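K.L.:
Just dropping this structure here.
What follows is calculated from the coordinates using simple rules that are stated; it is not laboratory data. Note that the structure is predicted; figures quoted are calculated from it, not measured. For neighbour counting, all protein chains shown are included, and Cβ atoms are generated from backbone atoms with ideal geometry for every residue, glycine included.
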Amino acid sequence: MSDNILSEINLPLEDPRFYAEVHRAVYQAGKNRRRLEVDQLFGKEYTKLSQQLDISFLQESCSVRNQLKTRRLARLLINDEGFLDKKTLEEALKAAKKFVYPLGPDRQYDAVRNEHILKSLQYLQDNPKIERQLLLITRPNMHKIAEQIIRDTLQLPQKTMITDVHARQAALAAWLCYLRQNVGSCFATAPAIIVQGEQPEVLLKDIQEMFATGRLRRVVEGEEYAVPISYSWGAGELRKIFLFSQNMNFDEPGIWSSPGLLRALVNVGAIDERLHLNDQFVVLKELIKAVLETWDAPGGWFYANAEQVLEKILLRYFELIKEDVEEFLLRPKGIVHDSLMMHVVKERGASAGKSDRCRQFLSAFEQAKNHFKSLSENALLKTWEFTLASFAETKAQFTKWNLYSSLGLKPEDAGGIGPRLYEVINRLLEECNEKVGRYQEEYEVLYNQLQYLRRRSRSVGSEKDAQWVRIEYQSKANEFYSIEALRDKWHMKARRYSQLYDVLIDWYYRLFPEYFQEVYDPDIQEVTSGPYDDSPAGFRLLYKYGRSNTSQWALIHNHTEFIDALVSFFTAAERELSASDEMKEFEGDLAEITTRIVTHIRSEEFLESAFHRMAHVHGAPIVRDPLKNMEKIQKKPWVYTSGGAITTLISCYFRLGEKPKDLSRWVENAMELMIFLIDCVKEAPQQVLDEVLAEENKSFLMHSPTHAFLLKPGFPDFREGWKSSDYTFSWVRDRYVKPAEDFVRSIYLDDEKMKFIVDELMEYVHPNIRPYFKQTFYAIGGSMSVQDFRYHMVDTIEVTRGLQIGGRGCISAQQIDSVLFSTLPLTPSYQLVKRVERIIERLVELTDEEKKQSISLCEQLSGKISAPKFVSAKGLQEIVRSLMMLVKLETTGSVNYPKLIAEIAQQEGFALPKPFVFADTNWVKNYFSFVVNPGNGNLELWRTDDLGIVGEPMSEWKGWIDGTRKKPDWGVFNRTYEYRLSLE
């Protein structure tokens, strides 16, 4: 069989393409041997789809494979009656054990996802409680948003009626899918990963509550905190930034090869679904080309993301410009949003009015984004994650809200609501006091008249005069008492007016949280940052309309919606106030007060002063003419950014009565950080350490100054460090740092090796610069250390204009270090067989026959005339994996051969020393590791794969590691019981 496969591959063993070709051929030859549906599901490689994803650089193929697998698996496990199919579960568990560790290119990222599926299936089989919790989940109750989330999760047609079956399938898919972070939600993602992996009952209970009530609720020491289900499941990879040129070579791979973009545009009708797949990709390329060539980009180079490209394509499709849509969105809300959820209609262009085309565009754009995202993201899982994020900003007092700062509710807040309210009440008080004064004057006149009549009654001369006096006295007395009552009434009212400002403000304080809420919004575009420099979390104001159904609440996106919401609130507040016994006597006044407040809210003065108050509170610059420069305003009343307090989220979500305790400090170098982390684990309670010893993948929450993620003290090297009785500094130095430093400094490069590395680096250089790059660095000659070679390259690129693009070097120092990390040490072709044989001989999991066949194949296939002179360290391991696929005739297995191969290569000196992997980044692929950088010989913080063969320095965090930035600290929450939630 292997001979038949090899006959299809006309490449030498040493050629980097050989590995991928073997993987493709072995998979094609063996896929028809799988009879069971679950075997086909777990063994499927999606080779063509994965290749397109990898060359388009937009969506990660490992995420897509995981999403496709878990979605299909969930639909198999929950049958048509909504129950767990036990037979299928048993078959799936067997298949999951059989197909855990792929051998193919970059499939090491699938291994951890497969392990998560396996662990979840085993837990589902062994724990009846989790099955019962799954069956408690029912379809959403009158909640369109939750229903749409289920459709997006399972990729159901838009008109599908959601049932309990769908709800349970979506929930199971959310549990099985591997959760990763893709926006600035690390403060929620890290705890969410722990819940999903270690407390799945809590995840399913949360999903049950979200579907049943549209919110999540926690009661902490008698105080209730509730957050609505997230109205968005994020942007996925739509906002991944790319550098484009208006003169790009569209024959090169690019985002025009993206299956996600193609899927999005086909589903909204912008690309004809009847075309052949290849023809659809041709149309996609032409659409993207037309957009990029007309991009407003002085100098020809520009940064953009897929969301912007998709938006421009659809604007052209509906014959609109962006200003048309922006103007449409600023219209009164009822006009804009009535029809946004409709399907895209075929009638467009001149035959449809501009308003209709704007509605169609907005609907198509939203659907297109969802179709794109759902290829790699689980909608329900991301919705749950972002719902958790809102617990990070739970504030019991309204005065701590961002909204409060903007309203100006104090009498001295110029331009705010407070001064207008005070003016109205003060005028009413003055009018009341005027009446009291007039009545007092009448009272005094009548009092004197009554005194006069009393004196006269004692000296009347006749009965007739006495009778007149009595009648007159009675009349004046009645008038006197009437005036006295009116005077006292208005005096009492004046006293009430003098207190009315405080009473109304108190009422508004109580009513605002019933009508508004500040929630996490993953779609906030005001937040921008680098891919590894965590962006601040974005929170948005939400208007509830006084309703309990969260599907009827609305996020506020602009100043028009903000004003409309405030007007609606004060109008509703007037009704509630008028209906209260406390405010009955002010019913007429409330109408006037509300009218004055609403009139002021609609004025430019109020909105401009609101922006100024926000700038003052947040220490942001004040923008002149803010209504004409909205894009320059950093803080707005309806949207703001925050660090996302992980301590607040932990306290609230996990029902702690106090903030969780962490160990924290700042560091001056990577070694200090490494020692600090080991010591943090040593100081953990014994019960926590026992849990770590029992479960290798156990996580501690931790944070850098800008990012929350998961410490992994159970990883083998890490565990060895904190279990050692040696002084931590000595252990780190002697066990890890010194040997690695000695190894990388012992590597020297001759002329041929330098040329090989230059060729490897060319992949990262723009095609237009590659010839000059090659010419420059091929001419180095001689021999030098790796460090000198790297410094020479960095310095040359920095001072050579022809090696720069857009004012930057054509390749960064980080990228050079990354290539060196994966490439070194090089294996000369004449040593290849010997090194492969050494690795294979140490793989005790292989049978003697398999070892013999592998070595025989290596001898047969290596040393051809066309073979490269060297093989990289990564390439050496790929060759061993290729031989194993050829011998076993499988691309996936139950033994983690890629990890075993990597460890043997590192131990034998065929690869750089194994990185000290210590944490899960939360990001799609990476772990955090300590690495002795081969480019400079220093211990550094890196992001790597778990095998230690792919990585890059965390240069973005340099200031937090070298001590130049001392606040905030690094910290570890080493009391894991503080973030464990009991359902009992």
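K.L.:
Ignoring everything except DSSP H segments at least 4 long, calculate the 222 nm mean residue ellipticity for the chain; use -39,500 (n - 2.57) per segment, divide by total residues, nearest 500.
P.N.:
Numbers: 40 runs with 529 residues, N = 984.
It comes out at -17000 deg cm²/dmol, rounded to the nearest 500.
K.L.:
Give the aspartates and glutamates reachable from Lys864 as a straight Cα distance under 16 Å; neighbours fewer than 8 places away on the same chain don't count.
P.N.:
Hits, sequence-local ones excluded: Glu14, Asp15.
K.L.:
Could you work out the pair-distance distribution P(r) of region 425-573 from its alpha-carbon pairs, with 10 angstrom bin width and percents rounded to whole numbers?
P.N.:
10, 20, 16, 14, 12, 10, 8, 6, 3, 1, 0
K.L.:
While we're here: Could you compute Rg(Cα) / (2.2 N^0.38 Å) for region 818-906, with N its residue count? Don't skip to the end; give the middle numbers.
P.N.:
Details: Rg = 12.7 Å, N = 89, 2.2 N^0.38 = 12.1 Å.
Cα Rg divided by the expected 2.2 N^0.38 Å: 1.05.
K.L.:
List the trypsin sites (Lys or Arg not before Pro) in region 1-62 that DSSP assigns to loop (not H, G, I, E or B) and whose Cβ has at most 15 other Cβ atoms within 10 Å. Which are they? Could the numbers behind the result be given before it?
P.N.:
Details: sites: Arg17, Arg24, Lys31, Arg33, Arg34, Arg35, Lys44, Lys48; in loops: Arg34, Arg35, Lys44.
Those satisfying the criteria are Arg35.
K.L.:
Modelling each spin label as a point 7 Å along the Cα-to-Cβ direction, I'd like the Met492/Glu319 distance in nm, to one decimal.
P.N.:
Taking the two extended label points, one gets 7.1 nm.
K.L.:
Report relative contact order for region 748-823 in percent, whole number only (criteria: Cα-Cα under 8 Å, sequence separation at least 6).
P.N.:
Details: 58 pairs, mean separation 29.3, N = 76.
Normalised by residue count, the contact order of region 748-823 is 39 percent.
K.L.:
Now for a separate question. What's the magnitude of the charge dipole for the chain around its Cα centre, counting Lys and Arg as +1 and Asp and Glu as -1 at the beta-carbon? Answer in Debye, nearest 20.
P.N.:
Values: 126 positive and 139 negative charges, 217 e Å.
My answer is approximately 1040 debye.
K.L.:
Continuing with this model, one more query. Which angle between 0 and 90 degrees, to the nearest 10, do you get for helix 379-389 versus the longest principal axis of the chain when only C-alpha atoms count?
P.N.:
Helix 379-389 and the main axis of the chain meet at about 60 degrees.
K.L.:
Here is a further query. Charges at C-beta only: +1 for Lys and Arg, -1 for Asp and Glu. How large is the resulting dipole of region 791-857 about its Cα centre, in Debye rounded to 20?
P.N.:
Taking the Cα centre of region 791-857 as origin, the dipole is about 200 debye.
K.L.:
Output the 0 to 90 degree angle, nearest 10, between the alpha-carbon long axis of helix 417-457 and the longest principal axis computed from the alpha carbons of the chain.
P.N.:
For helix 417-457, the angle is close to 20 degrees.
K.L.:
For Asp788 and Arg263, FRET efficiency with R0 = 56 Å and r from the beta-carbon atoms, rounded to 0.05? Intermediate results must be reported in sequence, preceding the final value.
P.N.:
Values: r = 49 Å, r/R0 = 0.87.
Approximately 0.70, to the nearest 0.05.
K.L.:
Could you tell me how far the Cα centroid of region 451-502 sits from the Cα centroid of region 222-263, in Å?
P.N.:
After rounding, the separation between the Cα centres reads 81 Å.
K.L.:
Follow-up question, since we're still on this one. Can you tell which of Phe777, Cys810, Tyr791 lies farthest toward the positive end of the dipole of region 748-823, using +1 and -1 charges on the Cβ of basic and acidic side chains (Lys, Arg; Asp, Glu)?
P.N.:
Projecting each Cα onto the dipole axis, the largest value belongs to Cys810.
K.L.:
Also, quick follow-up: Kirkwood-based Rg over Rh for region 243-320 (C-alpha set), two decimals? Before the final figure, lay out each step's value.
P.N.:
Numbers: Rg = 12.3 Å, Rh = 12.9 Å.
Rg divided by Rh gives 0.95.
K.L.:
Could you sort the peptides 318-326, 175-183, 68-76 by per-residue average Cβ neighbour count (10 Å cutoff), highest mean leading?
P.N.:
Working: 318-326: 15.0, 175-183: 24.9, 68-76: 20.6.
The most tightly packed comes first, giving 175-183, 68-76, 318-326.
K.L.:
Okay, next question. With each label point set 7 Å from Cα along the Cα-Cβ vector, what nm distance links Thr595 and Gln860?
P.N.:
Calculated label separation equals 9.6 nm.
K.L.:
Can you give the percent of C-alpha pairs in region 34-212 whose distance is more than 29 Å? Before the final figure, lay out the partial values.
P.N.:
On the way: 3198 of 15931 pairs.
Within region 34-212, distances greater than 29 Å cover 20 percent of Cα pairs.
K.L.:
Once phi is turned into θ = phi - 60°, what whole-Hz ³J(HN,Hα) does the Karplus curve with 6.51, -1.76 and 1.60 give for every residue of region 251-266, x standing for Gly and Pro?
P.N.:
For region 251-266, the Karplus-derived couplings read 7, 7, x, x, 5, 5, 9, 6, x, x, 5, 4, 4, 4, 6, 5 Hz, x marking Gly and Pro.
K.L.:
How far is the Cα center of region 546-604 from the Cα center of region 36-86, in Å?
P.N.:
After rounding, the separation between the Cα centres reads 50 Å.
K.L.:
Mind sorting Asp152, Asp734, Asp251 by how few other Cβ atoms lie within 10 Å of their own Cβ, fewest first?
P.N.:
Values: Asp152 22, Asp734 11, Asp251 8.
Neighbour counts put them in this order, fewest first: Asp251, Asp734, Asp152.
K.L.:
So which trypsin sites (Lys or Arg not before Pro) in region 263-308 are both in a DSSP loop and have at most 15 other Cβ atoms within 10 Å of their Cβ? Intermediate values should be presented prior to the final figure.
P.N.:
Numbers: sites: Arg263, Arg274, Lys285, Lys289; in loops: Arg274.
Listed in order of number, the matching sites are Arg274.
K.L.:
Please report the relative contact order for region 676-821, taking Cα pairs under 8 Å with a sequence separation of at least 6, and give it as a percent rounded to a whole number. All intermediate terms of the calculation are to be shown ahead of the outcome.
P.N.:
Values: 116 pairs, mean separation 24.5, N = 146.
The value is 17 percent.
K.L.:
So how long is each side of region 740-817 along the principal axes, counting just the alpha-carbon atoms, biggest first, in Å?
P.N.:
38, 22, 21
K.L.:
Moving to a separate point now. For Asp946, what residues show an amide H to amide H distance below 5 Å, using hydrogens built from the backbone and excluding near sequence neighbours?
P.N.:
Close amide H contacts, sequence-distant or interchain: none at all.
K.L.:
From Cα pairs below 8 angstrom and at least 6 apart in sequence, can you work out the relative contact order of the chain, rounded to a whole percent? Let's see the in-between values first.
P.N.:
Details: 1490 pairs, mean separation 157.4, N = 984.
The normalised contact order for the chain reaches 16 percent.
K.L.:
Is there a quick way to get the dipole size of region 50-171? I mean about its Cα centre, with the Cβ of Lys and Arg at +1 and of Asp and Glu at -1; what is the value in debye to the nearest 20? Display every interim value, and only then the final one.
P.N.:
Numbers: 20 positive and 15 negative charges, 29 e Å.
Taking the Cα centre of region 50-171 as origin, the dipole is about 140 debye.
K.L.:
Specify the angular offset, from 0 to 90 degrees and rounded to the nearest 10, of the alpha carbon long axis of helix 751-761 from the longest principal axis of the alpha carbons in the chain.
P.N.:
Tilt relative to the chain: about 40 degrees.
K.L.:
Need one number: nm distance between label points at Asp625 and Tyr830, each 7 Å from Cα along Cα→Cβ, rounded to one decimal.
P.N.:
Taking the two extended label points, one gets 7.6 nm.
K.L.:
Same structure again: Tell me, Kirkwood radius of the chain from alpha-carbon pair distances, in Å?
P.N.:
Numbers: mean 1/r = 0.0308 Å⁻¹.
Evaluated on the chain, it is 32.5 Å.
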